[in-house]
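Let me begin by presenting the structure, written as structure tokens, before commenting on it.
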Amino acid sequence: MLSLYVTYVVVFTAAGVACLAGLLGVRSLDHPDVRRGLGGLLVTSGAWSLFTAGQFLTTSIATKRIVYTGALIVGISTVFAWLYFASAYSGRQYHRDRTYRLVGAAILGSVVVIKLTNPLHGAYFHAEIATEPFRHARIDHFAVHWFVTGFAYTAAGVGFWWLFESFSEADSQPLHLYALVTATAVPIVPYAISYYTDGYLLYVNYEPLGVAVFALGVLFYARTEFTRLSSPDRSYIADSISEGVVIVDEGGYVINYNDSAAAVVADLSQRTTPLETVDDELAALEDGETVVLERTVDGRERQFEAERTALPDAPMAASAITLTDVSRVAHLEELTRLYQEISEALVENTGPETLREKVAETIADIESYRIVWLYPGDDTGYVGGEPSGYVEGRLANADRREPVLEAAETGEQCRLEVREGDGGWATEAAGLGITECLAVPLESPDGGTEVLGIYTTASAGFSSAEAELFVEIGGMLSHAIAAIRAHEESTEYREAISHAGYAVYITDVDGTIRHVNPAFEEITGYSAEEAVGRTPEILNSGEMDEAYYDRLWGTILAGEVFEEEIVNKTRDGDRYLARQTVAPVTDEGEPVAFVAIQADITDRHVREQRLTVLNRVLRHNLRNEMTLVSGNARRAEDALESLPSSVEREAVAEPVETIRAVADEIAARSEKAREVENVLDRTGISGDPDTVEEVVDRARRVLEGADVDGSVRLADEVATWQVDGELTRVVEELLENAIRHNDEPSPVVDLEADATDDGEVRFSVVDNGPGLTEQELTVLDDEEETQLRHGSGLGLWMVNWLVVNCGGSVGVDPESDGTRIDVVVPPRQAERPAKPT
């Protein structure tokens with residue numbers, strides 16, 4: 001009996017090992033689902049045989065029950081592995097359908113629970129030790145077992161039917177498959193014989209051997225036949241295509257589809273379903289026709305290119321409809337339309353703010369772009385899409401790790417994937433479904449930093465082409481805004497020129513007039529039609545020598561501004577005096593045009609000449625007459641001494657003294673006026689500048705020569721700064737006046753020189769004398785001459801005029817005791833000093 005025992009152990013063990021070894025051959029099958037199904041069948045069949053062999057190797061009845069329970073579990077599992085294989089191989093989709101898979105898992109789980117709980121209810125089988133022909137477990141099965149067995153054979157028969165039907169439709173007769181199916185029923189014979197007779201055949205389950213033979217036969221023998229018959233494996237047509245695909249037969253019925261197609265086309269079902277009842281647009285496609293359709297996938301609108309292709313070599317399939325996701329391509333096409341919209345904005349002269357808003361809204365209208373943010377760097381800017389408070393939250397938190405804010409700070413492009421675990425902006429963005437952000441810095445026309453930020457919800461983020469396109473759009477937007485602003489500035493400039501009170505004309509680099517304004521036409525008498533296309537030679541009066549024009553051309557060709565007076569001639573031949581300024585318009589340092597501005601100063605020049613003559617004649621005559629009056633007054637005083645009565649002498653002496661004093665004062669004012677005229681005649685602004693220290697040193701000598709308590713304070717930072725040379729005369733005049741008119745018992749006059757907050761030079765003269773009167777303050781505001789208490793007649797007026805000519809201002813502090821006069825002027829040097837902080 002030992003040999004019989006060994007035979008049973010070896011046969012079942014060999015069957016199990018052979019099935020497991022057969023897994024190596026599964027890799028040669030092309031279809032992944034077929035590989036998985038057949039692999040599962042080999043594993044469960046092999047395990048079933050090995051568990052059965054284990055029953056013989058164990059000794060105790062308890063162990064044998066456990067091993068047999070394991071055999072029952074893997075045995076029922078072979079049915080589901082077989083159904084998976086049959087569905088995949090016959091081109092059906094049951095093995096992929098979630099509902100069928102859940103139902104199968106529920107049935108298998110229920111059967112397993114019943115088998116595992118057999119020790120409790122005893123309704124499935126009973127095991128006892130039999131000693132003949134050798135020690136083994138005799139298993140008696142009850143109704144539940146036979147019910148499960150019936151279900152297993154029925155389910156397996158469904159799988160066989162799928163294969164037979166497929167082969168039948170392919171007009172094929174695979175005899176080897178029929179033989180293998182028959183092999184699965186052969187184990188019933190020894191099982192029945194052992195039940196009714198006592199002998200060498202044990203009363204055990206021989207099904208593992210039949211299933212093992214079938215599985216190995218399919219793998220090693222019948223697989224060549226199956227592969228030759230392509231129709232059963234028609235699901236490979238769909239699965240081998242990465243895009244969505246629907247296979248239909250000649251009648252328009254759906255016979256296959258893949259997962260990608262199921263995600264796009266709702267209500268797809270296996271066979272017997274006309275495509276037109278599922279999707280009439282797809283059904284209407286002709287062979288070779290291509291259309292773009294919109295479908296909702298995962299709650300989002302996407303675009304798919306549907307193309308129908310004939311399959312003439314497929315016995316059952318007539319055509320395949322491929323569904324290619326072109327949403328990203330469609331996005332790129334929509335983005336490229338922005339180029340046209342931006343170009344149209346330039347033609348229509350759309351404002352830059354309107355253009356920014358339009359770009360943000362246009363991008364946000366494209367599916368998958370949740371937020372579009374045009375951030376100017378100092379304000380919220382323009383936000384399109386559905387931000388849901390994201391932008392306001394990031395600005396409030398000043399989250400510099402946020403891509404747009406980081407790009408604004410660094411001026412560099414920033415592209416970041418959203419990882420919720422990163423916290424901050426990423427957590428909030430992830431909550432909005434955003435997967436990636438791209439921030440593109442723009443070249444702002446005003447020199448600032450502007451950023452175009454796009455937030456996508458696409459699962460794969462931005463493609464390389466998409467990112468590059470946004471960079472190009474950002475560059476085009478920058479140039480468009482710059483062009484619009486330049487156009488606006490040009491329009492404003494032309495408007496300003498048109499309404500200017502000065503004659504303005506523009507020439508090219510050769511001197512040909514290209515534009516004139518209305519004032520030019522009024523002053524010169526030449527209309528725009530007459531002047532444009534000619535040169536400024538039409539205004540030549542012959543009064544200016546060649547040296548004048550040599551200076552003019554030499555200056556403007558060197559890129560500098562020329563400014564001098566010129567005598568021109570109008571169209572009618574009248575001459576006029578103009579103050580002419582000619583400035584070059586340069587491109588990369590080279591002149592490309594010239595702008596000339598002429599102010600007609602003929603009337604002013606004539607008035608100045610008349611006033612100058614009148615002023616000098618009157619001042620000369622007045623000075624001579626006052627000298628004569630003063631001399632006669634002195635002679636009258638001398639003659640008073642001859643009067644006999646002292647009373648008479650006193651009565652006449654007082655008015656004579658008054659006459660002489662008034663005459664002296666008038667003569668002094670005349671001399672002061674001459675001094676002011678001399679100063680102003682040499683003020684242009686004038687020649688060489690002085691350092692602040694040099695001005696203060698000269699002023700110090702004024703204080704040292706006076707009987708006052710004076711001090712000088714010079715801030716080190718301004719000592720070497722340069723100012724106009726006229727400031728020496730200004731400071732000296734203020735000090736002399738402060739000293740002369742301070743009637744305090746202990747007069748104090750101080751001088752300070754320091755820098756203002758705006759980086760200008762401030763000279764301050766402070767005294768403890770009487771403050772300025774309202775009339776004196778009027779000079780500072782209105783520049784009108786008045787009788788000054790704190791200065792000689794024209795002193796403060798001259799100071800104010802000189803300071804204004806130096807580009808500065810004069811101010812008085814009315815709050816301080818006495819008088820404080822501040823003179824503020826800009827420094828004159830190559831580089832303006834940095835503004836103090």
If R₀ is 25 angstrom, what is the calculated FRET efficiency for the pair residue 460 and residue 365, using the beta carbon separation as r and rounding to 0.05? 0.75
What's the carbon and sulfur percent of segment 418-484's accessible surface, probe 1.4 angstrom, rounded to a whole number? 49
Shape of segment 486-539, Cα gyration tensor, a/c cut at 1.5: oblate
From the gyration tensor of the Cα coordinates in segment 437-564, what semi-axes in whole Å does the equivalent ellipsoid have, largest first, with each one equal to sqrt(5λ)? 50, 17, 12
Rounded, prolate or oblate, given the Cα gyration tensor of segment 378-471, with a/c below 1.5 counting as rounded? oblate
Modelled label-to-label distance, residue 482 and residue 107, 7 Å Cα→beta-carbon offset: nm? 7.3
Would you mind working out the accessible area per residue for segment 700-748, using a 1.4 Å probe, and quoting it in Å²? 51
Order by protection proxy (mean Cβ within 10 Å, highest first), peptides 261-268, 188-195: 261-268, 188-195
Keeping every protein chain present and rolling a 1.4 Å probe, give me the accessible area per residue for segment 498-566 in Å². 54
Restricting to Cα pairs under 8 Å and 6 or more apart, the percent relative contact order of segment 344-393 works out to 29
Ordered by residue, what ³J(HN,Hα) values in Hz, to whole numbers, does segment 552-562 give under the Karplus form 6.51 cos²θ - 1.76 cosθ + 1.60, where θ = phi - 60° and Gly and Pro are x? 4, 5, x, 6, 6, 5, 7, x, 10, 8, 9
Other-chain or far-sequence residues with amide H under 5 Å of residue 710's (modelled H): 749
Taking only protein heavy atoms into account and a 1.4 Å probe, give the accessible area per residue of segment 1-160 in Å². 45
Using the beta-carbon distance between residue 193 and residue 267 and R0 = 41 Å, what value does 1/(1 + (r/R0)^6) give for FRET efficiency, to the nearest 0.05? 0.20
Return the distance in nm (one decimal) between the two label points of a simple spin-label model at residue 489 and residue 140, each offset 7 Å from Cα along Cα→Cβ. 10.7
Can you work out the FRET efficiency for the pair residue 715 and residue 740, with r the C-beta to C-beta distance and R0 = 25 Å, to the nearest 0.05? 0.35
Span from the segment 402-419 Cα centroid across to the segment 702-736 one, whole angstrom: 56
For the pair residue 527 and residue 701, the simple spin-label estimate (label points 7 Å beyond Cα toward Cβ) gives in nm 6.6
Using a 10 Å cut-off on Cβ atoms, rank the peptides 546-555, 303-312 from the highest mean neighbour count down. 303-312, 546-555
Suppose the chain between residue 602 and residue 58 were pulled fully straight at 0.36 nm per residue; how much longer would it get relative to their current alpha carbon spacing? 182.7 nm
If the chain between residue 66 and residue 567 were fully stretched, how many nm would it gain, using 0.36 nm times the residue separation less the Cα-Cα distance? 167.9 nm
Just order 140-151, 796-807 by mean Cβ neighbour count inside 10 Å, highest at the front, would you? 796-807, 140-151
Dimensionless Rg/Rh of segment 1-61 - Kirkwood Rh, Rg from C-alpha atoms: 1.15
Can you list the HN-Hα couplings for segment 405-421, worked out from phi with the Karplus curve (6.51, -1.76, 1.60; θ = phi - 60°), rounded to whole Hz and with x for Gly and Pro? 5, 5, 5, 5, 7, 8, x, 10, 4, 10, 9, 10, 7, 8, 10, 4, x
Accessible carbon and sulfur surface of segment 489-571 relative to its total accessible area, %, 1.4 Å: 47
Output ³J(HN,Hα) for segment 538-544: one whole-Hz value per residue in order, computed from phi by the Karplus curve 6.51 cos²θ - 1.76 cosθ + 1.60 with θ = phi - 60°, and x for Gly and Pro. 5, 9, 5, 9, x, 7, 9
Please report the Cα spread of segment 438-507 along all three principal axes, rounded to whole Å, starting with the longest. 64, 20, 16
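The values are calculated or read from the model by the stated rules, or taken from the named source; none is laboratory data. Keep in mind that this is a model prediction, so the values were computed, not measured. Because the Cβ atoms are built from the backbone with ideal geometry, glycine has one as well, and the counts that use them run over all protein chains shown. In case anyone asks, the SASA skips ligands and DNA or RNA and just uses the protein heavy atoms, side chains included. Shrake-Rupley method; radii C 1.70, N 1.55, O 1.52, S 1.80 Å.
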